[in-house]
1. Given the condition surrounded by 13 or more Cβ atoms within 10 Å (Cβ to Cβ), at pLDDT 85 or above and not in a strand (DSSP E or B), answer yes or no: does some residue in segment 3-21 qualify?
2. For Gly291, state whether it is outside any strand (DSSP E or B) and either buried (at least 18 other Cβ atoms within 10 Å of the Cβ) or under 43 Å from the mean Cα position of the chain (by Cα) (or both).
3. I need every pair where a residue in segment 291-313 that is free of Cβ contacts under 8 Å to residues at least 12 places away in the same chain has its Cβ under 9 Å from the Cβ of a residue that is within 14 Å of the ligand (Cβ to nearest atom), sequence separation at least 6 or different chains.
4. Condition (residue is modelled with pLDDT of 85 or more, surrounded by 12 or more Cβ atoms within 10 Å (Cβ to Cβ), at negative phi and not in a helix (DSSP H, G or I)) applied to segment 441-462: is it met by at least one residue?
5. One residue is enough: does segment 200-207 have a residue meeting the conditions assigned to a loop (DSSP other than H, G, I, E, B) and either hydroxyl-bearing (Ser, Thr, Tyr) or in contact (Cβ under 8 Å) with a residue 40 or more places away in the chain (or both)?
6. Anything in segment 297-324 that is small (Gly, Ala, Ser) and within 14 Å of the ligand (Cβ to nearest atom)? List them, or say none.
7. Among the residues of segment 267-287, write down those that are among the hydroxyl-bearing types (Ser, Thr, Tyr) and either modelled with pLDDT under 85 or surrounded by fewer than 20 Cβ atoms within 10 Å (Cβ to Cβ) (or both).
8. Residue by residue through segment 208-251, note down the ones that are within 14 Å of Ile183 (Cα to Cα), over 20 Å from the mean Cα position of the chain (by Cα) and touching a residue at least 24 places away in the same chain (Cβ under 8 Å).
Amino acid sequence: MQTAIIYTRVSTDDQAEKGFSLRDQKDKLVKYCDAKGIEVLKHFEDDGYSAKTFNRPQFDNLLDYIKKNKGVVNKLLVIKWDRFSRNMEASLTMITKLMKLGVTVEAIEQPLDESVPENLLMKAFYLAAPQVENQRRSLNTTNGMRKGMKEGRYLGSAPFGYKNSRDEKNRPVIVHSDLAPLIKKAFEMFATGMYQIEILRKELYKVGLNVSRNQFWLLLRNPLYCGKIKIKAFGNEPEEIVQGIHEPIVSEALFYEVQDVLAGKRKITTKYARVNDEYPMRGFMVCSKCGKNLTGSSSKGNGGTYYYYHCTKGCNERFKSVNLHSNFENWLGQISFNPEMGSLYLAIMEDVFKTNEGDRDAEIKKLDGELEYNKGFLDKATEKFITGDLDKDGYNRMKENTAKKCAGITNRIAELKSTDSGFKDYTKYTISLLSNLKQYYSTASLENKQKMLGLIFPEKLVFSNYEFQTIEPNEILTLLCSAGNGFSDSKKEKSSKNAAHSYVVTSEELHQ
Ligand SMILES: [Zn+2]
């Protein structure tokens, strides 16, 4: 009876080792020996060592075993030659060494009858192939990188917010750097629609996000931050976006919100670069005389500090901030929601939301279709694998790619569905907000005050003759006024040179 040692191996070089599980290798070798009536003396297994040399711990033990049992071992069996070695020269040396110890090396899936001289050429080919493959891979960096990227691995220099690192298997990955929180902040702040891009960049620059104007622009457009990898078009391959394996810094929803703001789908309301609790209305008020922004400053006197809003250009427009604030809050107090308007407002909102929901339903349907397609694709691949038209490596690659694609699509669907119930909450909040503007505003934080101002008065306000006016018609106020809720749109003749629109509380109603 013939005797054999079986040897199995996987290395750290993941790309080269796809489709080789240690268990698979062992199973195949044991079955082979059973079928051929070969006695398996021992099994050696190396996990995580390069096959370019024979400096592998278990291979050393294997050699020791053979030396100690000289004459007992007839064969050393591997499934393929590249399990034995990926270096042709080292292979040939080792084969000779083993031959002197009475052991022949055989690859059961690449069998060679060595009594046929031509087969030596075949053997040389088998031994050389893994090495050629290694070299081609390292030369072919473009293809290699594209392949890696398609599998979701970002290769190349890490962008702001990430740093290059290695995973537990020593493969390149990108991980969050110290800048990641600032990147997240950039997306969150920009998504509010209250910042002009350059003002936001300068604000973040001060706290450590040292990026240029152009870099910041690209940063907000880079889907890498929400976990995607954009692969540029190359040769015949079109540009594609794949799900990455790196940890996102922002959610996909936030990323797309920012894209909407960038695309102008959402209005950007100007916000002053400087924020100061004393001047919440700075950036939302313009001078009634010249139309320039009002700014704030303070002066000391009479044992206290006094705060003022005044024209940036130097007109003598100047208001004590406490006065302006109380006037404004009183004005907000006059604006309250007419219950009859509630139903109309809800109907309008429902319309708007239904349109959006229609778009979303269509998108979900499309994604469902993509998911089905990918699943069908995998089914076909499985069939081919079973019938032997597709090898195991190819099948595993396909399976993994498809799983990644499906995961990406499933996430997107879940996200779309999760925004489904937003309508009622949104309108409930809006109606409550509009019914209690003064209360909401006076108790809000600076940030929320400015958010409210940006949302309700995107057109900017003018304070003149103890009246607040907007420079353009204001949708919300128009809606409230058309309900006869105590406000009247000023007549054209009354409009100032800024074409201001005032919403005046009549004295009669003031005294009610
Ligand atoms: Zn002015």
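1. Within segment 3-21 (the criterion being surrounded by 13 or more Cβ atoms within 10 Å (Cβ to Cβ), at pLDDT 85 or above and not in a strand (DSSP E or B)), the answer is no, since none of the residues qualifies.
2. yes
3. Taking only residues 6 or more apart or on different chains, the pairs are Ser299/Tyr308.
4. Quick first cut of segment 441-462, residues modelled with pLDDT of 85 or more only: 461-462.
Narrowing further to those that are surrounded by 12 or more Cβ atoms within 10 Å (Cβ to Cβ): 461-462.
Subset that is at negative phi: 461-462.
Add one more test, that the residue is not in a helix (DSSP H, G or I), and what stays is 461-462.
Within segment 441-462 (the criterion being modelled with pLDDT of 85 or more, surrounded by 12 or more Cβ atoms within 10 Å (Cβ to Cβ), at negative phi and not in a helix (DSSP H, G or I)), the answer is yes, since at least one residue qualifies.
5. Checking segment 200-207: not a single residue is assigned to a loop (DSSP other than H, G, I, E, B) and either hydroxyl-bearing (Ser, Thr, Tyr) or in contact (Cβ under 8 Å) with a residue 40 or more places away in the chain (or both).
6. Gly314
7. Thr269, Thr270, Tyr272
8. Across segment 208-251, the qualifying residue is only Gly208.
The values are calculated or read from the model by the stated rules, or taken from the named source; none is laboratory data. All values derive from a computational prediction rather than experimental measurement. For neighbour counting, all protein chains shown are included, and Cβ atoms are generated from backbone atoms with ideal geometry for every residue, glycine included.
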